1. Pop out the ³J(HN,Hα) list for region 296-307 in order, Karplus 6.51 cos²θ - 1.76 cosθ + 1.60 with θ = phi - 60°, rounded to Hz; leave Gly and Pro as x.
2. Along the Cα→Cβ direction, 7 angstrom out, place labels at K294 and R385. What is the inter-label distance in nm?
3. Under a point-charge model restricted to the Cβ atoms of Lys and Arg (+1) and Asp and Glu (-1), what is the dipole moment magnitude of region 463-565 relative to its Cα centre, in debye to the nearest 20?
4. From the phi of every residue in region 364-370, what ³J(HN,Hα) in whole Hz does the Karplus formula 6.51 cos²θ - 1.76 cosθ + 1.60 yield, where θ is phi - 60° and glycine or proline is x?
5. Pairs of Cα atoms under 8 Å, at least six residues apart: use those to get the relative contact order of the chain, whole percent.
6. As a test of the formula, what do you get for the chain when each DSSP H run with n ≥ 4 contributes -39,500 (n - 2.57) and the sum is divided by the residue count, at 222 nm and rounded to the nearest 500 deg cm²/dmol?
7. Skipping prolines and chain starts, which residues have an amide H placed within reach, meaning under 5 Å, of the one on A190, given they are 5 or more residues away or on another chain?
8. How big is the convex hull of the Cα atoms of region 468-513, per residue, in Å³?
Amino acid sequence: MKFTARLSKFMVSCAVIFALGVALLGLHAQDTAKNETHGIATLNMDRAVKPGDDFYLYANGEWIKRTEIPPDRSRIGVFSRLDEISSKRTADLIGEAAKANAAPGSGVRKIADLYNSYMDEAGIEARGLTPLKPALDAIAAIHDKRELAHALGETLRADVDALNNTNFHTPNLFGLWVAPGFNDSEHYAAYLLEGGLQLPDREYYVANSERMKQVRNAYETHVSAMLKLAGFADTDARAKRIVELEHAIAEKHLSLADSEDVHRANNTWSQADFGVKAPGLDWAEYFRGAGLSKQASFIVWQPSAFAGESALIASEPLETWKDWLAYHEIEAGSGVLPKALADEQFAFFGKALTGAPQQRPRWQRGVTVVNRLLGDEVGKIYAERYFPPEAKARAEAMVANLVAAFRKRIDALEWMDPTTKAEAQAKLTTLYVGIGYPERWKDYSGYEVRADDIYGNVWRGRMFDYQKDVARLGKPVDRHEWTMTPQTVNAVNLPLYNALSFPAAILQPPFFDPQAPEAVNYGAIGSIIGHEISHTFDTEGSAFDAKGRVRNWWTAADLKHFGEATARLAAQYDTYRPFPDLSVNGKQTLAENIADVAGISAAYDGYHAALGGKSSPEQDGFNGDQQFFIAFGQNWGSKSREAALRQQVMTDPHAPAEYRADTVRNIDGWYGAFAVKPGEKLFLAPGERVRIW
Ligand SMILES: [Zn+2]
């Protein structure tokens, strides 16, 4: 699981990355003032607010008052400020690459050619719809459901990820995820996930709220507009049928909360099983199209959705499916097709869906494209330049302290069985923590990039990723593999690898500042590191053992206690209502909320251990413990547009930022630090505080 929602599913979903991707990235400077002072950002605080009433506003209120969301963005916060730094650095690296005139085929040349081909707007306009035509002609030539199955197989990509960077969304009929096997963690297995929707989640199709009805109407208009721009006739009727088909697909989908339940996902199907368990689609033809005829078995994440979607292939008219396929093809390429299509896509997926009134400048979108398709090639240079060995050493020392804090907490748990404790300790022993950048870089030598062909570059890049993953099936697992680039401002837990990664781009102020006091570093990045370690032991982590195998290592009594404690946390989050008609979903966000509570608890211990009995320096009258909690609260300072926040509440496993800051109410140390009293809004009696670790 990744640490924050900032990378929306659109960042990793191919269909809309080019139009929308950077709409959620931050590139406008917002001074949090932490940088200059090497401590908490006191200027961002609203000291008129009582910390016990609203800790989020207390820590961030003045920043919220003086900050406006830039017109090309749907949200802004600390993560976006760091994104700005990382993106500018990346843009500089790309600019240098573009001037270097490097040898053809070299990594630097590929970066330059990819970026330049994206920036060549005149060339894109001149080529018009020509790049799209072969795909649309092929779809028009489909005669029967067998050929349809083959064509659908050809669209399969490695664009979903159930447990690492977590993206459950693909607009293709299904999505492939290649990862260590549930039943054989030493080798890579093929996981298949439900798909077929352009809107972010099934809820957008089935929810009855006024807002979702508006979205659906706007969506149908958008589908029609895209078809028209691509040269189709009778587009209103086609759009109606396409949206109805997607609605039918959505009804077969599992909810996000159910998809996150790893215990429902371990379903191994042989190739022959598909025809029996999910009749309708010609599966042999589908797998032939996908180049997977030789793959003996798959792990089917949502079996009922596969049965449902496959049945729709049989029951719905061929012409409707062909229109659906054509529309999805247009949407997938529109970010790199003429401006009229890219603009229409932004008007819906950017403006209508996330509320950002303006599209990001083209160069920023170009950076996103290069990061998406040549991420490690850029990351190699980035890490060398911006992540010195001293920073790596200091961060590694913090990780060691956090792991030690978890060891002590596990030993001290009264409710946990000794055998379960031993398993938990074994997981900490084999845990691999990657700091800054991977030990081995991805090899792009098989990826052909041409300076005058952005459409082909994107298509080949997605295909390159897919074929690389398919080629790994059955091969031994690389336990030190990374799933994020060093220039990504995020962190991730990889449960099947029993590994964590903290990219270089998040290990910088205000999260991590080698010149700041321990209190601030532990409150900020320490709680993030603790959060990721905690995933090793949470609802998800309890399903994986020290070798990443799916094996429940908890006793029934342990699980019962854990279930009760976490149900209380889910209930706590269910009470949060960002909108009168929309509450936070305690179940959907449970794993992340557990990780937040555990992360700050362990960080608090780690901080006190790091002091080694010495007292912490004061800053502006705030003592060490206060700085620790304020630094934690300031991780979450952010502003979102209403549409983007609604989308997050409905589709993301992470709760909105303000509730993540307010989780300090579960930590005993916070009450002492700010003298929080009964009657204050966040006050919980000691028995009501949720203690999990
Ligand atoms: Zn997490």
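The values are calculated or read from the model by the stated rules, or taken from the named source; none is laboratory data. Predicted, not measured: the structure shown is a model, and the values here were computed from it. Positions of Cβ are backbone-derived with ideal geometry, glycine not excepted, and every protein chain shown enters the neighbour counts. Accessible surface is based on the protein model in full, side chains and every heavy atom, while ligands, DNA and RNA are left aside. Shrake-Rupley method; radii C 1.70, N 1.55, O 1.52, S 1.80 Å.
1. 5, 9, 9, 9, 9, 5, 10, x, 5, 5, 5, 4
2. My value for the distance between the label points is 4.1 nm.
3. Working: 8 positive and 12 negative charges, 93 e Å.
Its charge dipole is roughly 440 debye.
4. Computed from phi, the couplings for region 364-370 are 5, 5, x, 4, 4, 4, 5 Hz.
5. Values: 1258 pairs, mean separation 146.2, N = 693.
RCO, the chain: 21 percent.
6. -15500 deg cm²/dmol
7. I299
8. Numbers: hull volume 3.6 nm³, N = 46.
So the per-residue hull volume is 79 Å³.
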